[in-house]
Amino acid sequence: MTIYYNVLVIGGGLIGSSMARAIKSKSLAERIYIADTSPEACGVLRTLDIADGVSEDFNDFIGKVDLVILATPPSVMKTIGASVVKAMKTGAVLTDVGSIKLDVAKYFETFMRSDISFIPGHPIAGTENSGPAAGFAELFQDRWCILTPDEEVDEAEVKRLSDLWEAMGSQVALMDAARHDIVLATTSHVPHLIAYTLVGTAIDMETVTRNDVVKYSAGGFRDFTRIAASDPQMWRDVFLQNKEGVLEVVDRFIEDLSALKRAIRWDDGETLMKHFSKTRDIRRHIVDAGQDTDKADFGRES
C-alpha cells in the first residue's frame, strides 16, 4: 500500500531509522531516503540497507520528495528548519517526531510557506538505545502517535499522514500543541527528569559508593537508570523547550512529594496507603490499555 511516492527522513537515529525500516518493509512509499550529518551514521545506514539513498546533505533528496520527516533533536530542527522549508517542493508535507510541539510550531510559523503543509507529530515510542542500529520496524506497533496540525492545514493531508502512521502500526490521535505539551510533561518529561535526578543523587551520596550503586541495584533503581540512559542532548532540548509544562508538573510533584514526606515523618500510614492504592490503580489502567505488560520490571526477566 503506497501512501507517498518519495519520503525523506532527516536524522537516522532510533526513530528515523525505525520509520525508514517500517516504510520500506511495508512498501508505504516508492522510495525512502535518509539524510544525517554524521558520516559514521551514514555509513551504518548504508550497511543496514534500509533506504534507497543515504547522504550527509538533505539537499541531495529534498527537492523530489512528497514527505519530509524531521527526526532530529529539537535544537537541530531549529538549526536546519528554515533551510528545509525553503528547499521543499510545492505541495510537499513536512512533519516531525519531536516530543515538544508548541515551541516548534511557533518557530516554524515564522518562515512556513503557504504552498506546503506542516503537520507536527510525535510517536510515543522509543527505547533507551539510540543510533541507526538501534532502530526496528516494529517500534511503533500498538503505540500512539499524536498529530498537532494547525486548523488551516488541508484535512486530506492530515488523513494521509495519519494513514501512514496507522500503516506502521500506530494509533493516531489529534490534539492541539499546548495540550500535547502538558500531557507529555506529565507522562514523559518529568519522569525522565526525576530519573536523572535520582540516579545522580545515588551517585553523589557520600555514604554510598558508585560500586554499591551498581552492585546492589534492585529492580526499581535499575529501571530508573534505564530511563536516565536516554539521549542527553535530546532531553536537554526537551526540558528547555517545554519549560512551562515541565515546571508546572514539577511544582505539583514537589507538593505531592512533600505531603508523602510529612506522612512518613508522622507515621501516617493511612495517607500512604491511600496514595499507593490510587497509583496502583493507574498501573492497572496502563496495562489494560496495552501500553505495557503485566510483568513487573518493564517486562524483563530478572
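Per-structure values
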{"quantity": "Residue-averaged [θ]222 nm for the chain, counting only DSSP H segments that reach four residues, each worth -39500 (n - 2.57)", "calculated": "-15500 deg cm²/dmol"}
{"quantity": "Length-normalised contact order of the range 78-137 in % [C-alpha pairs under 8 Å, at least 6 apart]", "calculated": "40 percent"}
{"quantity": "Pair Lys215, Leu257: separation of 7 Å Cα→Cβ label points (nm)", "calculated": "2.8 nm"}
{"quantity": "Pairwise label distance in nanometres, Phe276 with Asp204, each label 7 Å out on the Cα-Cβ vector", "calculated": "2.9 nm"}
{"quantity": "Farthest positive-ward along the range 4-175 dipole, Cα basis, beta-carbon charges - from Ile50, Ser170, Ser75", "calculated": "Ile50"}
{"quantity": "Debye, to nearest 20: dipole size of the chain, +1 on Lys, Arg Cβ, -1 on Asp, Glu Cβ", "calculated": "460 debye"}
{"quantity": "Residue-by-residue Karplus 3J(HN,Hα) for the range 228-245, coefficients 6.51, -1.76, 1.60, Hz, glycine and proline x", "calculated": "6, 8, 5, 4, x, 5, 4, 6, 4, 5, 4, 5, 6, 8, 10, 4, 5, x"}
{"quantity": "Under 5 Å, built H, 5+ apart or other chain: amide partners of Thr72", "calculated": "Val97"}
{"quantity": "³J(HN,Hα), Karplus 6.51/-1.76/1.60, whole Hz, each residue of the range 262-278, x for Gly, Pro", "calculated": "5, 4, 5, 4, 9, 6, 8, x, 4, 4, 4, 4, 4, 5, 5, 5, 5"}
{"quantity": "Sequence-distant residues sharing a close amide H with Ile3 (under 5 Å, placed H)", "calculated": "Ala29"}
{"quantity": "Hz values of 3J(HN,Hα) by residue in the range 47-56 - Karplus curve (6.51, -1.76, 1.60), Gly and Pro given as x", "calculated": "5, 5, 6, 10, 9, 7, x, 9, 8, 7"}
{"quantity": "Segment Met112-Met175, extension gain: residue separation times 0.36 nm, minus the distance between their alpha carbons", "calculated": "20.6 nm"}
{"quantity": "Identified option (computed volume of the Cα convex hull per residue in Å³; candidates (1) 213; (2) 128; (3) 154)", "calculated": "(3)"}
{"quantity": "Of the GluC sites (Glu not before Pro) in the range 88-140, those whose Cβ has at most 14 other Cβ within 10 Å and which sit in DSSP loop", "calculated": "Glu128"}
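Laboratory data are not the source of any read-out in this text; all were calculated from the coordinates shown. No experiment lies behind these values; they were computed from the predicted model shown. A quick note on method: Cβ atoms are made from the backbone with ideal geometry, for glycine too, and the neighbour counts reach across all protein chains shown.
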